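Working notes for the structure below.
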Amino acid sequence: MTPTTDTLILTTGLAAHIAKAIEAAGGWLGFDEFMALALYTPGLGYYANDSRKFGLMPGSGSDFVTAPELSPRFGQALARQAAQALEATGTAEVWEFGAGSGALAQQVLEALGPKLERYTIVDLSGSLQARQRERLAAYGDKVQWAAELPPRMRGVVLGNEVLDAMPVKLLARLQGSWHERGVVVHKGGFAYADQRTALRPPVEVEGTHDYLTEIHPQAEGFVATLADRLEAGAVFLLDYGFPEHEYYHPQRSMGTVMCHRGHLADADALADVGGKDITAHVNFTGIALAGQEAGLEVLGYTSQGRFLLNCGLVDGMEGAPLEQRVMVQKLIAEHEMGELFKVIAFGAKARPVWEPMGFAAGDRMHTL
């Protein structure tokens, strides 16, 4: 995809803004801070500008597709789990983080109907909020938007592909010594620069070879904040990633940071900032520990494919058109989204005893 004139202007404005931030920081900015600016700078960052992001095909001008855009059955299956969680925890509100196009919210709202008193969306993107408001207008005041978390929450929290968009720190082992990788201005553009650091991955990476990876303090802090605020309810987070022993495997030596634009992926996060998404895979062991240490209880962990099947994704599909069956297959097939994507669930500490249907078979908590 060749950047349009508008994209070039957008990128240039954002690049200048980031360059000033680098200068203000003394000439070097940690990658996590760079990623935060590239994605969330008001009006300029990727998630804060008006570019189209979600869609099935590149021809729509979109950059990637998420599960709710593939099939409404995704939201319907998640709604079954949410309904069980709402009843088990005695709550009546769903909180969705990073609601994207609003597709998942629409699917869950339609499926839950009167079982749900309120659906609150927490999304930092003003442009995406506008799309969500238009899409969900029919639900009136039942749908609310919040710019930040309240001091206390009750309900079921949903987050589909939220953790992967949270800024990560880059750590590089070079000739046996660990460095934090940051960004500098170089020859009119951005370049990586490394500084010695006391930071380390959560487990020792075997070998002495050069090794690049990520740590996730922001995602883990997000889960800890949920633990602090959630008085009653449950949390379901769906994203691509691995447990710790796979994440920091000696052979995964190039890290997991990837960019997405026009349904193509590349690894150059320093090019065309603001014009493409930047993501990193999730260390689900770190997420689980962050929740536990903050007072949540891990209720389950499994693959997206197994979770959706447990929640009745394919029930009644025998006579469905081929196109619908193909899209559902993408959600659960191991070579598509079914295995790379995982689901982790937490319960508020003072919870009743209940077992989420999504983990009834194939729970992998023992692998975390």
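Structure notes:
- Shape analysis of segment 72-226 based on the Cα gyration tensor places the equivalent ellipsoid semi-axes at 40, 19, 13 Å, largest first.
- Full extension of the segment from Val353 to Glu206, taken as 0.36 nm per residue of separation minus the current Cα-Cα distance, would add 48.9 nm.
- Calculated from backbone phi, Karplus (6.51, -1.76, 1.60) coupling profile of segment 193-208 in Hz, x at Gly/Pro: 9, 10, 10, 4, 8, 8, 5, 9, x, x, 10, 6, 8, 5, x, 10
- For Leu230, the residues whose modelled amide H falls within less than 5 Å of its own, excluding neighbours fewer than 5 places apart on the same chain, are Met153.
- Separation between Cα centres of segment 299-368 and segment 66-106, rounded to whole Å: 13 Å
- Along its principal axes, segment 202-263 has C-alpha extents of 46, 36, 16 angstrom, given from the largest down.
- For the chain, the carbon plus sulfur part of the accessible surface works out to 52%, probe radius 1.4 Å.
- Debye equation applied to the C-alpha atoms of the chain, log10 I(q)/I(0) at 0.06, 0.10, 0.13, 0.14 Å⁻¹: -0.22, -0.64, -1.10, -1.27
- Considering only beta bridges that DSSP places wholly inside the chain, some 60 percent are antiparallel.
- Long-range tail of P(r) for segment 230-290 (Cα pairs > 17 Å, %): 54 percent
- Percent of C-alpha pairs per 10 Å bin, segment 252-368, short to long: 12, 30, 31, 22, 5
- Rough spin-label spacing in nm, given labels placed 7 Å along Cα→Cβ, for Leu264 and Met317: 3.1 nm
- Per-peptide average of other Cβ atoms within 10 Å, ordering 327-335, 73-81, 134-142, 90-98 highest first: 73-81, 90-98, 327-335, 134-142
- Against the criterion of solvent-accessible heavy-atom surface with a 1.4 angstrom probe, Glu220, Glu117 sort, most first, into Glu117, Glu220.
- Exceeding the 26 Å Cα-Cα cut-off - candidates Lys187/Lys276; Lys115/Lys349; Lys115/Lys330; Lys276/Lys330; Lys276/Lys342: Lys115/Lys330
- Here each label is just a point 7 Å from Cα along the line to Cβ, and for Glu339 and Ala224 those points are 3.4 nm apart.
- Directionally averaged projected area (segment 206-312, Cα convex hull): 9.3 nm².
- Heavy-atom accessible area per residue - segment 270-368, 1.4 Å, Å²: 43 Å²
- Over segment 160-265, volume per residue of the alpha carbon convex hull, in Å³: 155 Å³
- Integer Hz, Karplus 6.51/-1.76/1.60 couplings in order for segment 254-267, x for Gly and Pro: 10, x, 10, 4, 9, 10, 9, 7, x, 6, 10, 10, 8, 9
The values are calculated or read from the model by the stated rules, or taken from the named source; none is laboratory data. All values derive from a computational prediction rather than experimental measurement. Because the Cβ atoms are built from the backbone with ideal geometry, glycine has one as well, and the counts that use them run over all protein chains shown. Remember, those area values only see protein heavy atoms, side chains included, never the ligands or the DNA or RNA. Shrake-Rupley method; radii C 1.70, N 1.55, O 1.52, S 1.80 Å.
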